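Enquirer: Here it is, the structure, as structure tokens.
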Amino acid sequence: MSEWLPVRFMRPPGPRDGRMRFSIYRYDPESDEAPRQQEYVLDDLSPDDMLLDALLSLREIDETLGFRRSCGEGVCGSDAMNINGRNGLACITRLGTLTDPVEIRPLPGMPVIRDLIVDMDNFHHQYQRVEPWLQPDAPPPDREQAQTPEERERLDGLTECILCGCCSAACPSYWWNPERFLGPAALLQAARFIEDSRDTATEARLEQLDDAYKLFRCHTIMNCSDVCPKGLNPTEAIGRIRRRMLGRHV
Amino acid sequence: MSGLSAWLIQRLSALYLAGFTVYALVRLAMAESFSHAAWSDWLAAPLNAVTLWLAALALLLHAWVGGRDVLLDYVHPLGLRVVMLTILAGWLLGSGIWFGAILLEVM
């Protein structure tokens, strides 16, 4: 009977007697012919340890292991990676939530620089394309530019993005057309400025997005919202942009 | 076709086709005869004819946007994409003309 049960039902996730196995993607394009998964084992782990803690311990054993990290608090978005098939941030992923062995890969769909470090140039380029800064038609006032609570509320769920890339790297439309489809992260940022009462470039922003690729490669499969480590909803933000576009014409 | 207009056409045509499918199934279930004459009589009513012509148009537009989406997603070389879009457009146009010819013959 037991062989019919998926592993996750047979035993709880997390370290067993403090021990956990890790299978980590290793690849250096300059010296390796092909990528490989390298196996590691760590002891004395607690289910409350974060995956980043484990990775840092592994780097003490193997200093060649490459990954990005910075704040360690889920704020900077540096340590985004594919953890047991799902994009997330290592620093806020508890080992107790992961099945053993933990399979770690770089963010999918992005070129690998080394091991878990990916080239995010295209991701950042798409972010730049939505012109992610306020564009008022009058010079900025000397004092702060007040918004009503309702105007500010419309930005909730749009300003909290940390640009970790988990969403865009989980989006098949972004995998197929990374140069032309802006991806969920950039589109969430586009929505953030379209919805901002202080920005007056709304018409131009909506016009710029209305082609076959930039926004409309989104097929609303919601992978982005599913994986966002900040609990944001890029799919909903894309829907808001569509509604604004519709409002211009109808 | 802009992104928004294609998206809107896809949704509006889907709504129309969903409604038409239910209507057509109910109508077929209630039909007493499936003869050519009965089919011709049914199409003699202008409302029925318009409904069916619109369904054909909606189906062609829906198929065009859907097929175009698949090609835009997966076919990246420009030349190949243009050729495949042309084949798709030609095939749908041909199907539409064929459908129209059959319908005119029955009417």
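The values are calculated or read from the model by the stated rules, or taken from the named source; none is laboratory data. It should be emphasised that the depicted structure is a prediction, and the values quoted were computed from it without experimental measurement. Positions of Cβ are backbone-derived with ideal geometry, glycine not excepted, and every protein chain shown enters the neighbour counts. Heads up: the accessible areas ignore ligands, DNA and RNA and are worked out on the full protein's heavy atoms, side chains in. Shrake-Rupley method; radii C 1.70, N 1.55, O 1.52, S 1.80 Å.
Enquirer: Would you mention how many residues in the stretch A:237-250 are farther than 18 Å from A:F181 by Cβ and not β-branched (V, I, T)?
Expert: 6
Enquirer: Still on this structure, I have one more. Residues of the stretch A:199-250 being aromatic (F, W, Y) and in contact with a Gly (Cβ under 6 Å, 6 or more places away or on another chain), which ones?
Expert: Start the filter on the stretch A:199-250 by keeping residues that are aromatic (F, W, Y), which leaves A:213, A:216.
Selection gives A:F216 alone.
Enquirer: Would you be able to tell me the number of residues in the stretch A:84-109 that are assigned to a loop (DSSP other than H, G, I, E, B) and open to solvent by 20 Å² or more (accessible area, probe 1.4 Å)?
Expert: Residues in the stretch A:84-109 being assigned to a loop (DSSP other than H, G, I, E, B) and open to solvent by 20 Å² or more (accessible area, probe 1.4 Å): 8 in total.
Enquirer: Do we have any residue at all in the stretch A:77-85 that's among the polar types (S, T, N, Q), touching a strand residue (DSSP E or B) at 6+ places or on another chain (Cβ under 7 Å) and free of Cβ contacts under 8 Å to residues at least 60 places away in the same chain?
Expert: yes
Enquirer: So, one more: Just to be sure, is A:S225 closer than 26 Å to A:T93 by Cβ and either more than 23 Å from the chain's Cα centre (by Cα) or of a type in the set (S, T, Y) (or both)?
Expert: So A:S225 passes the test.
Enquirer: Is it the case that the stretch A:120-135 has a residue that's of a type in the set (A, V, I, L, M, F, W, C), within 14 Å of chain B (Cβ to nearest Cβ) and part of a helix (DSSP H, G or I)? Give the steps one after another, and end with the answer.
Expert: Step one: of the stretch A:120-135, the residues of a type in the set (A, V, I, L, M, F, W, C) are A:120, A:123, A:130, A:133-134.
Okay, now just the ones that are also within 14 Å of chain B (Cβ to nearest Cβ), so none.
No, because not a single residue in the stretch A:120-135 is of a type in the set (A, V, I, L, M, F, W, C), within 14 Å of chain B (Cβ to nearest Cβ) and part of a helix (DSSP H, G or I).
Quick grid of which residues meet (1) touching a residue at least 40 places away in the same chain (Cβ under 8 Å); (2) of a type in the set (K, R):
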{"site": "A:I162", "(1), (2)": "yes, no"}
{"site": "A:Y174", "(1), (2)": "yes, no"}
{"site": "A:A186", "(1), (2)": "yes, no"}
{"site": "A:F193", "(1), (2)": "yes, no"}
{"site": "A:D211", "(1), (2)": "no, no"}
{"site": "A:H219", "(1), (2)": "yes, no"}
{"site": "A:A237", "(1), (2)": "yes, no"}
{"site": "A:R240", "(1), (2)": "yes, yes"}
